[in-house]
1. Tell me, which residue of segment 130-146 that is away from the ligand (no atom under 16 Å from the Cβ) and surrounded by 16 or more Cβ atoms within 10 Å (Cβ to Cβ) is nearest to the chain's Cα centre (by Cα)?
2. If a residue must be more than 20 Å from the chain's Cα centre (by Cα) and either closer than 19 Å to I186 by Cα or of a type in the set (F, W, Y) (or both), how many such residues does segment 50-64 contain?
3. Considering each of K30, K5 in turn, give the residue that is surrounded by fewer than 19 Cβ atoms within 10 Å (Cβ to Cβ) and either of a type in the set (S, T, N, Q) or at negative phi (or both).
4. Suppose we keep only residues that are among the hydrophobic types (A, V, I, L, M, F, W, C) and touching a strand residue (DSSP E or B) at 6+ places or on another chain (Cβ under 6 Å) within segment 44-60. Which one would you say is surrounded by the fewest Cβ atoms within 10 Å (Cβ to Cβ)?
5. Filter segment 256-314 down to residues that are under 17 Å from T19 (Cα atoms), aliphatic (A, V, I, L, M) and within 16 Å of the ligand (Cβ to nearest atom) and give me whichever is surrounded by the fewest Cβ atoms within 10 Å (Cβ to Cβ).
6. Please go through segment 190-206 and give me each residue that is of a type in the set (A, V, I, L, M) and touching a helix residue (DSSP H, G or I) at 6+ places or on another chain (Cβ under 9 Å), ordered by number.
7. Among the residues in segment 47-67, are any in contact with a helix residue (DSSP H, G or I) (Cβ under 9 Å, 6 or more places away or on another chain), within 16 Å of G298 (Cα to Cα) and in the same structural domain as A276 (by TED's automatic domain parsing)?
8. Would you point out the residue of segment 39-63, among those that are without any contact (Cβ under 8 Å) to a residue 12 or more places away in the chain and assigned to a loop (DSSP other than H, G, I, E, B), that is nearest to F236 (Cα to Cα)?
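The values are calculated or read from the model by the stated rules, or taken from the named source; none is laboratory data. No experiment lies behind these values; they were computed from the predicted model shown. For neighbour counting, all protein chains shown are included, and Cβ atoms are generated from backbone atoms with ideal geometry for every residue, glycine included.
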Amino acid sequence: MSEEKEKVLIIGSGPAGYTAAIYAARAGLKPVLYTGGQPGGQLTTTGDVENFPGYPKGISGPEMMMELQQQAERFGTRINYGLVTKVDFGGWPHKVTVDETKVIEAEAVIIATGASAKYLGLPSEQRLMSRGVSACAVCDGFFYRGTDVAVVGAGDSAAEEATYLANLCTKVYLIVRRGEMRASKIMQQRVLSNPRIEVLWNTETEEVLGDEEVRGIRVINNQTKEKREIAVKGFFVAIGHQPNTGIFKGLLTMDESGYIICKPGSTHTNVEGVFAVGDAADKIYRQAVTAAGTGCMGALDAERFLAAKEAVLS
Ligand code: NDP
C-alpha cells in the first residue's frame, strides 16, 4: 500500500466536488480530487440543465461537468480516477484509502460523494438490470428507440425521463403509485399534454417480466386490485436517490436516511477537518447550483480550518 500526504483531499466529482476544488486551488491549497466510480457525478446522466444560472440557453449535463473539471484543473487541482474504499477519522491528519492500493494522509477532507439512484428492490428488477432495467433515460433511452417503455416514479426525475423517452419511443407508460404526482407543475404539464405518455395512476409494479431481457411488467392498481401485464422493452426507475455515504457510517453524524449532518450554516461535520458538501449532506434541495454553493462553502471552511490549525501549530 503506497502512502501520500495531502493538504486538502476532495472525494467526489460532481458540481460540489469540482466547485470545492476550484476554490481550494485558487486559495493555493493544491487540492487533490478523487472522482469516485462515476466521474462527473449524476449530471453526466442528465440531458439539458436549464436551471443553472448563467446558461440562458441551457447546457448538457456532461458538457457542464467537463467545463467544471477544466476549471478546477486550470487552477492546479490534481484530478485522479479512483474510489475511496475506507476512511480513518480517528486521528489527525485523516487517513483515506483509495482503491485498496493507496493511503492518503489529508489535513482536510471534503466529502462530495453525492447520491445514487434508488431502485424498487424487486428481485426481477435486479436480475434484469442493464438488460432493460435502467435508472437513466438519457444514458440508455437510445437503445429503446421505436419501442414501448415504462417509467416508474412521480417526481421531477420521472417526469423528465418520461418526456425524454417520449421523443424516442412509441409509447411511455408512467407508473405513479398515488393519484397525483409530486413533480413541479410545469413538468407535470409536459407529461400530461404529451400524447405518447400514458399515466397509470394508483399503480405499482409487481414484477419485471423477461428471462434474458425485459419483455414487460406486471402492475397492480392499488385501488381496484386489478392486475395487468404490459409489454415494454425498457423499464426506467426514477424514484429518487440515496446519499453515497456508506463508508462514513459510524464515523460521521448522519440522519436516518444516511445524509451527513453538518453544523448549521456550515459544512463542518462532527469530525474536525472533515467537511461535507453537495447531495451527500442535502436531502432537501439537491440541485446542481446548491451543490456548487456548498462546495464553495466546504473549500472556504477547509481553508479557515487549516489556517487556524497552522496558527496553533506554529
Ligand atoms: P423525488 O423524491 O422528488 O420523487 C420520488 C418519486 O418517486 C415520488 O413521486 C415517489 O412517490 C416515487 N417513489 C418513491 N418510491 C417509490 C416506490 N417504491 N414505488 C413507486 N414510486 C416511488 O425524487 P426526484 O428524483 O424526482 O427529484 C429529486 C429532486 O431533484 C427534487 O427536488 C426535484 O425537484 C429535483 N429535480 C429537478 C429536475 C429539474 O428541475 N430539471 C429534474 C429532476 C429532479 P410519492 O410521490 O408517492 O412519494
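1. D140
2. Selection size over segment 50-64: 3.
3. Values: K30 fails: either of a type in the set (S, T, N, Q) or at negative phi (or both).
It is K5.
4. Keep residues of segment 44-60 that are among the hydrophobic types (A, V, I, L, M, F, W, C), which gives 49, 52, 59.
Those still in the list that are touching a strand residue (DSSP E or B) at 6+ places or on another chain (Cβ under 6 Å) too: 49, 59.
Numbers: V49: 19, I59: 17.
Once the filter is applied, the top-ranked residue is I59.
5. Only one residue fits best here, namely V289.
6. V191, I197, V199
7. no
8. My answer is E50.
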